[in-house]
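The values are calculated or read from the model by the stated rules, or taken from the named source; none is laboratory data. All figures in this text were calculated on a predicted structure; none of them were measured in a lab. Using ideal geometry, Cβ is built from the backbone for each residue, glycine included, and neighbour counts are taken over all protein chains shown. Quick note on the areas: whole protein, heavy atoms, side chains included, nothing else; ligands and nucleic acids left out. Shrake-Rupley method; radii C 1.70, N 1.55, O 1.52, S 1.80 Å.
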Amino acid sequence: MSQITHDRLLIIDFGSQVTQLIARRLRELNIYCEIHPYQKVTDAFLADFAPRAVILSGGPCSVIDAGSPRPPEGLFALGVPVLGICYGQQVMMQMLGGRVERGHGTAEFGRAFVTPSQQKTDLLQGWFDDTSEQVWMSHGDHVSAIAPGFEVFGTSPNAPYAITADPVRNFYAVQFHPEVHHTPKGARLYENFVRLAGFTGDWTMAAYKDEAIRKIRDQVGDKQVICGLSGGVDSSVTAMLLHEAIGDQLTCVFVDHGLLRLNEADEVVAMFRDNYNIRLIHADESELFLSALDGQSDPETKRKIIGGLFIDVFQKYAHQIEGAEFLAQGTLYPDVIESVSFSGGPSVTIKSHHNVGGLPEKMGLKLVEPLRELFKDEVRELGHELGLPASFIGRHPFPGPGLAIRCPGEITREKLEILRAADAVYIDQIRRHGLYDEIWQAFVAILPVRTVGVMGDGRTYDFACALRAVNSVDGMTADYYPFSHEFLGETATRIINEVKGINRVTYDITSKPPGTIEWE
Ligand code: XMP
């Protein structure tokens, strides 16, 4: 158990896909919370954790089924406020003397409107007045009788007990999910709940950092840890955090596959090795990767070659680190929710993610994943806290296979050099115009086609390139960035004048879908 001094809120996870969003809403309110799967939460656990309040999450099970998940009986005798969400509401009602029934014709999935009752509860302060409000429902079963002591504060057409509370015991239960964006004002409910529970909201990213450092030390002891450092935000923050926690017990391996951007390898090595004093192996394996890619033009084959070699190379260097027992990875919460159940909880697996693939098992290493409870913007905030420069934290995403997938068709060293030079001019233009932070990702792709041009009095026959710039929230969908014609014209002129080998510049105005962000 961690030894944090803040008031703690316990979220008992019954397997909802959105449990983590409850934590997210609470962190926005500077509340320290931990999510633990229901199997782990016993009366002894509760006594040890000593929560100031408890939230019961939603979940895929039915409380009517024998053996369905429950919190320990002692929870309701602790004397702390409890909030039940969806399944959490139903399990609360059942355990406290109410009734839950299967939803024959009363299931609700998606948007619904809840109307407030005449009587008021502080839980809804500043949210519901007299009008009905949109919420997001996702339930098959429903509460058909509330437990003694509870009163009704809101109803929806298919959920007569949408909002209930026992104001004396400070128990609250709602049928909908206030944590999701489709309940537009749902954050207010959490705000009211933690206020009613007496939290002061004193937990910050600085506190998270201290806590994460303590956890890393507890987990790792005096053993050695290796970390694959790509120079991206996630792996950089992971490395910095580990460095602060365990110093020279950490060795980072930076695999240079020869497909990086102009000066990128030097910049990453200089920053982490020279500036932050992190033990760093610069594995310059560009020859190996580029020879293996020679003559290959199929995108999937290229990816497989690079992915396979990356693991081989990483293993080769990792084996040189004596006594390494742990592998640190910058896995984020969205990777976790897509690949495995959270914290060993019962969420249903949706799909596997490439970041968590095979490597640790193959190498017999245990994982250290200090970012697995964070969202991307929180990782950036943690990066600030750790002293990483803002320019580094705000870098655009860069794909693992690097320039290989920005060089459609066969990769040659000549094309890579031209691509690097053009990309550097393009990014410089974007920075000069103050647009870098407004754009989610921008890069150049060199096209596998030569075109005729005229420069001075001579004919040219050089490569064409495409500029790409998109805005996106998560990379799943994207819109092309609406540069001005002046910007595009100026950039094209600069690239053609400054980059030998390119005589034509195009701008890619495809959205995703139907396109993808990268060209391969
Ligand atoms: P797409 O091209 O699929 O890209 O629209 C979405 C986001 O993912 C990045 N990307 C990759 N990242 N390995 C990675 O680590 C890959 O193979 C890969 N392919 C695409 C891409 O840069 C964009 O941010």
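Using only Cα atoms, find the angle between the long axis of helix 187-196 and the longest principal axis of the chain, and express it within 0 to 90 degrees, rounded to the nearest 10.
Here the helix axis deviates by roughly 50 degrees.
Give the Rg (one decimal place) followed by the Dmax (whole number) of the stretch 109-186, computed from C-alpha coordinates and expressed in Å.
Answer for the stretch 109-186, Rg first and Dmax second: 11.7, 32 Å.
Ignoring everything except DSSP H segments at least 4 long, calculate the 222 nm mean residue ellipticity for the chain; use -39,500 (n - 2.57) per segment, divide by total residues, nearest 500.
Working: 15 runs with 161 residues, N = 520.
Mean residue ellipticity, 222 nm, calculated: -9500 deg cm²/dmol.
Please report the net charge: other residues with Cβ closer than 9 Å to the Cβ of Phe398, K and R +1, D and E -1. Don't jump to the answer; show the numbers that get you there.
Details: positive: Arg261, Arg395; negative: Glu264.
In short, +1.
So which lysines pass the test for Lys376, namely a Cα distance under 19 Å, with those fewer than 8 places away in the same chain ruled out?
Reachable lysines: Lys209.
Calculate how large, on average over all directions, the projected area of the Cα convex hull of the stretch 1-132 is; give the answer in nm² to one decimal. Intermediate results must be reported in sequence, preceding the final value.
Working: hull surface 38.7 nm².
Mean orientational projected area (the stretch 1-132, Cα hull): 9.7 nm².
At a 1.4 Å probe radius, carbon and sulfur cover how many percent of the accessible area of the chain? List each step's numbers first, then the result.
Details: 11340 of 22450 Å².
C and S fraction of accessible area: 50 percent.
How large is the translational diffusion coefficient of the chain in µm² per second when you combine the Kirkwood radius over alpha carbon pairs with Stokes-Einstein at 20 °C and 1.002 mPa s?
On the way: Rh = 25.9 Å.
Rounded, D is 83 µm²/s.
Which percent, to the nearest 5, of DSSP beta bridges fully inside the chain are antiparallel? Mind dumping the intermediate values first?
On the way: 35 of 74 bridges.
Antiparallel bridges make up about 45 percent of those DSSP assigns within the chain.
What length, rounded to one decimal in nm, is gained on full extension from Glu267 through to Asp202, with 0.36 nm per residue of separation minus their alpha-carbon distance?
Length difference between fully extended and current span is 19.7 nm.
How high is the relative contact order of the stretch 3-147, in percent, counting Cα pairs under 8 Å that sit 6 or more residues apart?
Details: 245 pairs, mean separation 31.8, N = 145.
Relative contact order here is 22 percent.
With a probe of 1.4 Å, find how much accessible area the chain has per residue, and write the answer as a whole number in Å². Intermediate values should be presented prior to the final figure.
Working: 22450 Å² over 520 residues.
Per-residue value: 43 Å².
Relative to the longest principal axis of the C-alpha atoms of the chain, give the angle of the C-alpha long axis of helix 87-96, reported between 0 and 90° and rounded to the nearest 10°.
Between helix and principal axis, roughly 20 degrees.
Express the relative contact order of the chain as a whole percentage, based on alpha carbon pairs under 8 Å and six or more residues apart in sequence.
Details: 974 pairs, mean separation 56.1, N = 520.
Relative contact order, the chain: 11 percent.
Could you check the spin-label model distance between Ala145 and Ala77? Points 7 Å from the Cα along Cα→Cβ, value in nm.
With each label placed 7 Å out from Cα toward Cβ, I get 2.4 nm.
Subtract the Cα-Cα distance of Tyr276 and Lys366 from 0.36 nm times their separation in residues, and report this length gain in nm to one decimal.
Length gained between Tyr276 and Lys366: 29.9 nm.
Got a sec? What order do Thr155, Thr331, Thr121, Thr200 fall in by accessible area at 1.4 Å, biggest, i.e. largest, first? Write down the numbers at each step before the final one.
Details: Thr155 55, Thr331 5, Thr121 25, Thr200 105 Å².
Ranking Thr155, Thr331, Thr121, Thr200 by accessible area, largest first, yields Thr200, Thr155, Thr121, Thr331.
With no solvent and one point per C-alpha, what does the Debye sum give as log10 I(q)/I(0) for the stretch 398-514 at q = 0.13, 0.17, 0.18, 0.23 Å⁻¹?
Results for the stretch 398-514 at q = 0.13, 0.17, 0.18, 0.23 Å⁻¹ read -0.50, -0.85, -0.95, -1.43.
Considering Cα pairs under 8 angstrom that are at least six residues apart, work out the relative contact order of the stretch 197-315 and quote it in whole percent. Numbers along the way, then the final one.
Details: 114 pairs, mean separation 25.8, N = 119.
Relative contact order, the stretch 197-315: 22 percent.
Give the angle, between 0 and 90 degrees and rounded to the nearest 10, that separates the Cα long axis of helix 299-318 from the longest principal axis of the Cα atoms of the chain.
Relative to the chain, helix 299-318 is tipped by roughly 80 degrees.
Local charge sum around Met271 (other residues, Cβ-Cβ under 12 Å, Lys/Arg +1, Asp/Glu -1)? Don't skip to the answer; put the middle values down first.
Details: positive: Arg273, Arg395; negative: Glu264, Asp266, Glu267, Asp274.
Within the 12 Å Cβ shell, the charges total -2.
Sort His177, His282, His485 by accessible area with a 1.4 Å probe, largest first.
Values: His177 10, His282 65, His485 155 Å².
Ranked list, largest accessible area first: His485, His282, His177.
Against the empirical 2.2 N^0.38 Å scaling, what ratio does the C-alpha Rg of the stretch 134-237 come to? Mind showing how you got there, number by number?
Details: Rg = 21.0 Å, N = 104, 2.2 N^0.38 = 12.8 Å.
So the stretch 134-237 has a normalised radius of gyration of 1.64.
I need the P(r) histogram for the stretch 215-345: all alpha carbon pairs, bin width 5 Å from 0 out to the longest distance, whole percents.
Calculated over all Cα pairs of the stretch 215-345, the distribution is 2, 9, 18, 19, 20, 15, 10, 5, 2, 0 percent.
Roughly what % of DSSP beta bridges within the stretch 1-98 run antiparallel, to the nearest 5?
Numbers: 0 of 13 bridges.
Antiparallel bridges make up about 0 percent of those DSSP assigns within the stretch 1-98.
Take every DSSP beta bridge with both residues inside the stretch 392-507 and express the antiparallel ones as a percent of the total, to the nearest 5.
On the way: 14 of 19 bridges.
Antiparallel: roughly 75 percent of the beta bridges in the stretch 392-507.
In terms of Cα to Cα distance under 27 Å, which lysines are near enough to Lys500, apart from those fewer than 8 places away along the same chain?
Lys302, Lys415
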